[in-house]
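For reference, the structure is listed below as structure tokens.
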Amino acid sequence: MDSPIAALLAAALPVRVLGYDPPCQVIHYDDLVEAVALAIDQRCGEVLNIVGRSVVLLSRLLATAGVFAPPLPGALADSLAPAAIDGAHLRWRTLADGRRATALLGFRPRRSLEDCLRATR
């Protein structure tokens with residue numbers, strides 16, 4: 001999937017910012033498809049956040065993916081980061097709250113971080 005995190009995982013030189021380890025969310029395609037199917041079946045007209053099973057720190061996400069991303073001083077990390085992810089996103093991430101999707105659709109993601117990463121290899 002095209003995203004800043006995917007760009008970081010695929011970068012020739014992935015980096016992190018020293019002193020920062022922002023939280024990240026990932027969702028497996030199967031869980032996403034299930035959520036969309038539930039919304040269609042239930043004729044849901046709401047705007048909902050569809051989120052994965054858990055929140056993980058960027059360092060764990062990278063390590064689980066087998067990606068070595070050394071923590072570098074901010075200015076250096078900013079200059080070496082892939083174009084798709086800016087320095088601010090290497091420091092802070094915004095998380096989505098999926099409770100409304102659970103309440104309205106009964107959606108509960110089943111796939112783990114490891115399942116998500118296995119699907120991309």
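Run a plain Debye calculation on the range 4-120 (Cα atoms as equal point scatterers, no solvent) and give log10 I(q)/I(0) at q = 0.16, 0.20, 0.22 Å⁻¹, rounded to two decimals, same order as the q list. Summing over Cα pairs of the range 4-120 leads to -0.77, -1.02, -1.15.
Here Asp30 and Leu80 are evaluated by their C-beta separation; at R0 = 41 Å the FRET efficiency comes out at 0.75. State the Cα centre-to-centre distance between the range 1-22 and the range 59-121 in whole Å. The two parts, judged by their Cα centres, are 8 Å apart. Positive end of the dipole of the range 4-120 (Cβ unit charges, origin at the Cα centre): among Leu104, Leu48, Ala6, the Cα lying farthest that way belongs to Leu104. Note on the range 76-121: Cα Rg divided by 2.2 N^0.38 Å, N the number of residues, gives 1.67. When only the Cβ of Lys, Arg, Asp and Glu is charged (+1, +1, -1, -1), the dipole of the chain relative to its Cα centre reaches about 260 debye.
Modelled label positions at Asp97 and Arg60, each set 7 Å beyond Cα in the direction of Cβ, lie 2.1 nm from each other.
The numbers here are math on the coordinates, done by the rules we state, and not lab data. Model, not experiment: these values are computed from the prediction. Glycine gets a Cβ as well: all are built from the backbone with ideal geometry, and neighbour counts include every protein chain shown.
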